[in-house]
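Engineer: After the structure tokens below, expect a handful of questions from me.
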Amino acid sequence: MIIQVDTLLKNANVLTMDLEMHQYEAGAVAIKDDSIVGVGNEVELLAIYSAREVIDCKGNILMPGLIDAHTHVPMNLLRGLADDLRLDVWLMGYMMPVEREFVSPEFVRLGTKLAAAELIRTGVTCFNDMYYFTDDVATATAEVGLRAICGQSVLKFPTPDSPSYEEPLLYARNYIEKWKGHSLIVPSIAPHAPYTCTDEILRQAALLAVEFDVPLHMHIAETALEVENLRKEQGMPVIPYVKKQGLFDAKVIAAHCVHIDEGEMRTLGHNQAGVAHNPSSNLKLASGMAPISKMLSLGLNVGIGTDGVASNNDLDMFEEMRLAAFVGKVSTNDPTSMPAKVVVNMATNMGAKAIHMGGITGSLEPGKRADLIIVNLNSIHNTPKFRRDPANVYAQLVYAGKSTDVSDVMVNGKWLMRDHSLLTLNEEELLLEAQEYAHRIDAFLIEREKSLLSKLVAIEGVIEEESFEIQLKVRISDTESVLDTLKKSNIEILAHRKYRQYDTYFHFEAPEPGNIRYREDEIIDIADQPSKDLPSKIRYRLTLIGQAAEGHFPSDVMLFRSRYLAPATHSLRFYREYFDPCAESVIEKERLRWRVLFKGTEFYINLDHVFNPEMGFFLEVKSRTWSRRDAEHKAEMATELTKFLLGGEPENMVTKDYFELIQGASDRIENED
Ligand SMILES: [Zn+2]
């Protein structure tokens, strides 16, 4: 009896990617509704099935669609925005500020469609995503007809779709309820990474994933720094830490896993967690090479991902397959490791298992959804073809094949691309709309880069607080006489502290000259405190110092405007790479500081010993001010106070030249390089 089906693909070189890696040449696949009903030799299948649509594959490869195991599809709109940077500078300095400004439901729908067009062209039929406004990512994906796991991001920072973390958890709950059971979309929750989440977020996310039996998608152990910091803060590496938060109660998809040890791999294996390997992203961000061969030998399911295009910069799964093979070989110093056959499996059937979708996709087997691609091998770069060894065809795909060889793509029994033409997307429209966004983002960043201040406030966690102060600086030969005068005087002392200050100054030239100071303040002793066992306290602060003084009074008293941005939440290295100063200088000093009342007005008196570089002793008198008239009055008083402290006319005034002195120190540092 002849069985009627919808589509019959014949005269194909069928790579089933099933457990036994069956190949059929000439082979055929029969499809009814959304599923595969028959796979095998063409002669046998033609005897059983009859279809309204019979397609001659002309001897080309017919195989399961590729699985992109980790990506951020809406970020296609940010491709090429900022490159050649370290992960934290790239993420905190560029991606997150731009995302906060631009990411909206409209943005993610367009970005998703742009990515979908690229994914279909590279032969991807299913992707595992993590982003914001996930309901819109899912809507756009379903409209295009691709299969996907769409994960709602949760972070401890404000994100484009929520000012706090409770909201994305609530959003995720509603979103999962809405999409659970959809024929193409699997909803999921995606706590971004250990360093962007709290214990509580991880626990709540895991509970939610368990409650709805959906995957939990997370970046894990991507960089050595992440592991080092977690060891310092939690006393353990990443996998034990997330396990402690109950993460493995859920179906975990762990992206990256570059820096994990064998014990951690075993924990992933015992808990049926899948791994998403992202060779391009790891290479480009110099994150390291994930120990994939080891993971495979321990039986882990490892898929291959592109990561978002902001860190790749494309979604080409053929390139990822090739890199996975090459990186695997070079990292083990063994050309026999990561053979092409294994790599194609990782990009298809094993990849589907890694993202917990192995039951419905990843291989051409009866009962699975019809997610498949045709790859044309009749091109110069694919010629000639050898069939002596059945593994030849996998090597051809991985080492010679290109994404442009993919001619036809079907998902869930529906064609999305026929003979290189996309059927569910308008590429011309997408190109125009995407370029419009790029113009707007360009304008935003150009404006931001114009001033140090706007660049500074763009970074997450920085608070702007403007202040004006009058300042008077004198170089002195020693501190003794000033200390004596202060002791004997009846100036009222409100507070007294001793600091060791390590200042790093970043210097800038046009268009906006200025200095940014990164200060590490260590309180080493507090006077008038009988207790000697006060813990030493270190704080980090970042201050933008305008180069140009706002005003100049008699006796070299200057009015400065400074914008304190406290505390500095990132590392010195982060700020250095983000601001890219033209020169840098380091000043180390010991500071005695008094807050005093002088004739009813509050002043700060600083006695500094600048010992690195050895610049000697300085007396600084300053006071905060709020108006021009107030500044004039305080300038006179500051001069009077200084005269009093020095017991005469101040001779060696350096207020105006102090930055030049520092710049001099910086020149020396540059010359040393
Ligand atoms: Zn990622």
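The values are calculated or read from the model by the stated rules, or taken from the named source; none is laboratory data. This structure is a prediction, so every number in the text was calculated from the model and none was measured. Glycine gets a Cβ as well: all are built from the backbone with ideal geometry, and neighbour counts include every protein chain shown. Note: accessible area is taken over every heavy atom of the protein model, side chains too, but ligands, DNA and RNA are not part of it. Shrake-Rupley method; radii C 1.70, N 1.55, O 1.52, S 1.80 Å.
Engineer: Would you mind classifying the range 2-46 by shape? Square roots of the alpha carbon gyration tensor eigenvalues, ordered a ≥ b ≥ c; an a/c under 1.5 is rounded, otherwise it is prolate if a/b is larger than b/c and oblate if not.
Structural biologist: It comes out oblate by the Cα gyration axes.
Engineer: Roughly speaking, to the nearest percent, how much of the chain's 1.4 Å accessible area is carbon and sulfur?
Structural biologist: Carbon plus sulfur share of accessible area: 50 percent.
Engineer: Another one. Among the GluC sites (Glu not before Pro) in the range 1-53, which ones are in a DSSP loop with at most 13 other Cβ atoms within 10 Å of the Cβ? Mind listing them?
Structural biologist: Answer by residue number: GLU20.
Engineer: Counting each DSSP H run of 4 or more residues in the chain as -39500 (n - 2.57), what helix-only mean residue ellipticity at 222 nm follows after dividing by all residues, to the nearest 500 deg cm²/dmol?
Structural biologist: -10000 deg cm²/dmol
Engineer: In terms of modelled amide H atoms, which long-range or inter-chain residues lie less than 5 Å from the amide H of ALA255?
Structural biologist: Long-range HN contacts for ALA255: MET218, HIS219, ILE220, ALA276.
Engineer: Could you work out the mean projected area of the convex hull around the alpha carbons of the chain, in square nanometres to one decimal?
Structural biologist: For the chain, averaging the hull's shadow over all directions gives 35.6 nm².
Engineer: OK, next. Out of all DSSP beta bridges in the range 53-211, what portion is antiparallel? Express it as a percent rounded to 5.
Structural biologist: The antiparallel fraction comes to roughly 5 percent.
Engineer: While we're on this one: Which distance in Å, rounded to a whole number, links the C-alpha centroids of the range 361-394 and the range 137-163?
Structural biologist: Computed from Cα coordinates, the inter-centre distance equals 32 Å.
Engineer: Please sort 333-339, 583-589 by packing, taking for each peptide the average over its residues of neighbouring beta carbons within 10 angstrom, highest first.
Structural biologist: Packing proxy ranking, top to bottom: 583-589, 333-339.
Engineer: Compute the FRET efficiency between GLN4 and ARG388 as 1/(1 + (r/R0)^6), taking r as their Cβ-Cβ distance and R0 = 45 Å, and round to the nearest 0.05.
Structural biologist: So the FRET efficiency works out to roughly 0.70.
Engineer: Which is the longest stretch in the chain that no exposed loop site breaks, taking sites as chymotrypsin sites (Phe, Trp or Tyr not before Pro) with a DSSP loop state and at most 13 other Cβ atoms within 10 Å?
Structural biologist: 1-385
Engineer: Provide the solvent-accessible area of THR479, counting protein heavy atoms only and rolling a 1.4 Å probe, rounded to the nearest 10 Å².
Structural biologist: Here the residue's solvent-accessible area equals roughly 30 Å².
Engineer: Which value, in Å² and to the nearest 10, is the accessible area of SER477 when all protein chains are kept and the probe is 1.4 Å?
Structural biologist: Taking all protein chains as shown, SER477 has close to 100 Å².
Engineer: Something else: Evaluate the charge dipole of the chain about its Cα centre and quote only its size in Debye, nearest 20, assuming +1 on the Cβ of each Lys and Arg and -1 on the Cβ of each Asp and Glu.
Structural biologist: 1080 debye
Engineer: Expressed in nm to one decimal, what extension gain is obtained for the pair LYS487 and ILE48 from 0.36 nm per residue of sequence separation less their Cα-Cα distance?
Structural biologist: Gain in length upon complete extension: 147.5 nm.
Engineer: Computed FRET efficiency, Cβ-Cβ of GLN435 and SER164, R0 41 Å: what is it to the nearest 0.05?
Structural biologist: Once the sixth-power term is evaluated, E becomes 0.75.
Engineer: How far is helix 199-212 tilted off the main Cα axis of the chain, in degrees rounded to 10, range 0 to 90?
Structural biologist: Once rounded, one gets 20 degrees.
Engineer: Quick one: which residues, 5+ away or cross-chain, put their amide H under 5 Å from the amide H of ALA583? H built at 1.01 Å from N.
Structural biologist: Under 5 Å from the amide H of ALA583: HIS507.
Engineer: List the lysines whose Cα lies under 26 Å from the Cα of LYS244, skipping any in the same chain that are fewer than 8 positions away.
Structural biologist: Straight-line reach from LYS244, under 26 Å: LYS156, LYS232, LYS294, LYS353.
Engineer: Using Cα-Cα distances under 8 Å and only pairs 6 or more residues apart, what relative contact order does the chain have, in percent?
Structural biologist: Reported as a whole number, the value is 12 percent.
Engineer: To continue, here is another question. Helix 427-450: angle to the longest alpha-carbon principal axis of the chain, degrees 0 to 90, nearest 10?
Structural biologist: The angle comes out near 10 degrees.
Engineer: Let me ask another. Quick one: order SER627, SER311, SER451 from most to least accessible surface, probe 1.4 Å.
Structural biologist: So, going from the largest accessible area down, we get SER627, SER451, SER311.
Engineer: Let me ask you something else. If you count the DSSP beta bridges with both ends in the chain, what percent of them are antiparallel, to the nearest 5?
Structural biologist: 75 percent
Engineer: Looking at the square roots a ≥ b ≥ c of the eigenvalues of the Cα gyration tensor of the range 3-145, which shape do they give, rounded for a/c under 1.5, prolate if a/b is larger than b/c, or oblate?
Structural biologist: Here the range 3-145 falls in the prolate category.
Engineer: In nm, what is the difference between 0.36 nm times the number of residues separating HIS609 and ASP199 and their Cα-Cα distance?
Structural biologist: Difference between extended and current length: 143.2 nm.
Engineer: Out of all DSSP beta bridges with both ends in the range 140-273, state the antiparallel percent to the nearest 5.
Structural biologist: 5 percent
Engineer: Kirkwood Rh over Cα pairs of the range 226-357 into Stokes-Einstein at 25 °C, 0.890 mPa s: D in µm²/s?
Structural biologist: Stokes-Einstein gives a translational diffusion coefficient of 164 µm²/s.
Engineer: Given H placed 1.01 Å from N in the peptide plane, which residues other than close sequence neighbours of SER35 have an amide H under 5 Å from its amide H?
Structural biologist: It is ALA370, by chain and number.
Engineer: Want the number for ASN174 to ASP261: 0.36 nm per residue separation, take away the alpha-carbon distance, what's left?
Structural biologist: This chain segment gains 27.6 nm when fully extended.
Engineer: If you don't mind, another one. Tell me, what is the FRET efficiency for GLU106 and LYS329 to the nearest 0.05, using R0 = 45 angstrom and their Cβ-Cβ distance as r?
Structural biologist: Calculated value: 0.55.
Engineer: List the lysines whose Cα sits under 25 Å from the Cα of LYS473, skipping any in the same chain fewer than 8 residues away.
Structural biologist: Excluding near neighbours in sequence, the set is LYS487, LYS488, LYS498, LYS589, LYS599, LYS622, LYS634, LYS643, LYS656.
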